[in-house]
Amino acid sequence: MERARRGPTPTSRTRARLHRSSKEPGNSRRAGRSELSLLLVLFAFALITRVIYTSFAIDFGSPPIAGDGPDYDNIAYHLTQGEGFVEVWSDETLAPYRGDPELYAILVDRVGQPPLLGFRPPGYPLFIAAIYSVFGRDFAAVRLVQIIVDSASVVLLALLGFRWHSRRIGWIAGVLAAVNPLLIYYSRMLTAESTSTFMLLVLALLVSSFERSRRLGLVFAAGIALGALLMLKSAFVLCAPALAAILAWRHIKEPRFAAIAVLLLTLGSLVLAGPWIVRNEGIYGRYTISSQGGLAFSQRNNEVIANTPSCYGSWCPESVAEMIPASASENEKDELGWEIGLSFVKDHPASFAKLSAYRVLRAFNPIPLGLLAGDRFSEEYAAKILGYAWIFPFFVVGFLLGWRTMPVARDITIALIGGMVCMLALASSGPRFIVPGIPLLLIWAALSLSKLPGAIQRRSQAARSTSGE
């Protein structure tokens, strides 16, 4: 009776026929089209959520807020005018900001200052300049293109989830990214976070594909993606040696293959980053991605900030105002900054360690430290709490669950997130520095969430069996 209800047991010939039919080209094409359609739906869903949010939050055509945004806009404008990579302020470049008196008052002080030739990495200004060359100096166009790029990142995340774990986990991660408030918030900001997120996912996909296929062309392409990431945001500079070390360690039993892989990764990154670094050597006399490194390092590592608890984990530009003259050139400020910062680290290693811990805590703490210190609740704080705070514990659980069974995903995550953490410890600070890493956290959180129903069911069954006894 039991066998009759289950139906006839398939013979070995039937099983073979069913297996062959599932492999037929027609079935594969239908499955491929179905998956592509779902990915397009996911892209459209992410795009719509970002457009709606931006439309309600701000005017699409409003100028970028104070911070990096105006600098990127200024450089992009000069690029479209054929004046090269330079940041210099004038009445003409200030024109779009006249409608914002507070921001205009900040920027107008920059008029008459010497031009900056390499304070920002070139990637994001070139991205904006490409849009300006088509649409003119149109902030709405930049936001819309960037939102499209960020929506494409959601699709890349789903594909990375497919590659690292399973289709189910990839879809969960993709949907979580499509509605993630932190990613949505930064998709409308004219800063390099969204484009860096996209390139980080491209890099992770290429390295994952290389580890699966061992095709050396893929690791060279990964190097190009790494170079593009560095040109977008120099804060990822420590991800480069971390990724190279992971590649070498994963293939340690094949020293020749490991050396070739690391060499190709390096050469690929130099294809994009090399010309810019050489260009800066001709200007500053040293090989560097950005001339802001020394200034940023000293602003976050000095005796004044070490004795100012309200600045822990953050940066206080005024703390080095007397040490670095405003009249100093761009190169002199950078060199003085490195001198001040390195001298502080040498003389006060314990204070440096304390400040480093605060910087990492400020970036990764689920509840923003500024909010705990009494700052006014802001849109950015809300985005971090809703888009990150609940993710972190699920990420930790998922990462531990997949530690042994998913070594490729584990090692790539360690390299990329580890490089970001090291850079945060040295000089960077703030919640926006973790934004490009959020998709990687989401993949592991999705793994944890996929196990949750089974765990709840087992717990429920155990409770019922215990009560039955």
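In the stretch 357-413, which trypsin sites (Lys or Arg not before Pro) fall in coil by DSSP and have 15 or fewer other Cβ atoms within 10 Å? When the trypsin sites (Lys or Arg not before Pro) of the stretch 357-413 are filtered for loop state and at most 15 Cβ neighbours within 10 Å, Arg376, Arg404 remain. If you take the square roots of the eigenvalues of the alpha-carbon gyration tensor of the stretch 68-110 and sort them as a ≥ b ≥ c, do you get rounded (a/c under 1.5), prolate (a/b over b/c) or oblate? Here the stretch 68-110 falls in the prolate category. In this structure the stretch 317-368 gives 56 Å² per residue of accessible area when probed at 1.4 Å with all protein chains present.
Per residue, the accessible area of the stretch 126-277 comes to 36 Å², computed with a 1.4 Å probe over protein heavy atoms only. Rounded to the nearest Hz, the phi-derived 3J(HN,Hα) couplings of the stretch 222-230 under the Karplus curve 6.51 cos²θ - 1.76 cosθ + 1.60 (θ = phi - 60°) are 4, x, 4, 4, 5, x, 5, 5, 5, where x marks glycine and proline.
When +1 charges are put on Lys and Arg Cβ atoms and -1 charges on Asp and Glu Cβ atoms, the dipole computed for the chain relative to its Cα centre reaches about 4100 debye.
The per residue volume of the convex hull around the alpha-carbon atoms of the chain is 221 Å³. Per atom type, the chain shows carbon and sulfur on 64% of its accessible surface, probed at 1.4 Å.
Calculated accessible area for the stretch 371-429 comes out at 48 Å² per residue, all protein chains present (probe 1.4 Å; ligands, DNA, RNA ignored). Go from 0 up to the bin containing the longest alpha carbon distance in the stretch 233-276, width 10 Å each, and give me the % of pairs per bin. Per 10 Å bin, starting at zero, the Cα-Cα P(r) for the stretch 233-276 comes out as 28, 50, 20, 3 percent.
Taking the chain, the Cys residues with no second Cys beta-carbon under 4.7 angstrom are Cys239, Cys422. For the chain, the relative contact order works out to 16 percent when only alpha carbon pairs closer than 8 Å and six or more residues apart are counted.
For the stretch 178-238, the set of trypsin sites (Lys or Arg not before Pro) satisfying both a DSSP loop assignment and a count of at most 15 other C-beta atoms within 10 Å is given as Arg214, Arg215.
Taking the C-alpha atoms only, the angle from helix 438-468 to the longest principal axis of the chain is near 40 degrees. Evaluated over the chain, the count of Lys pairs having alpha-carbon atoms less than 23 Å apart is 4 (only pairs 8 or more residues apart or interchain). Seen through its C-alpha gyration tensor, with square-root eigenvalues sorted a ≥ b ≥ c, the stretch 236-390 comes out oblate because a/c lies at 1.5 or above while a/b is not bigger than b/c.
Helical content of the chain, expressed as a calculated mean residue ellipticity at 222 nm, amounts to -23000 deg cm²/dmol (DSSP H runs of 4 or more residues, -39,500 (n - 2.57) each, divided by residue number, nearest 500).
The values are calculated or read from the model by the stated rules, or taken from the named source; none is laboratory data. Bear in mind that the values here come from a model prediction, so they are computed numbers and not experimental data. A quick note on method: Cβ atoms are made from the backbone with ideal geometry, for glycine too, and the neighbour counts reach across all protein chains shown. Calculation scope for accessible area: heavy atoms of the full protein, side chains included, ligands and nucleic acids excluded. Shrake-Rupley method; radii C 1.70, N 1.55, O 1.52, S 1.80 Å.
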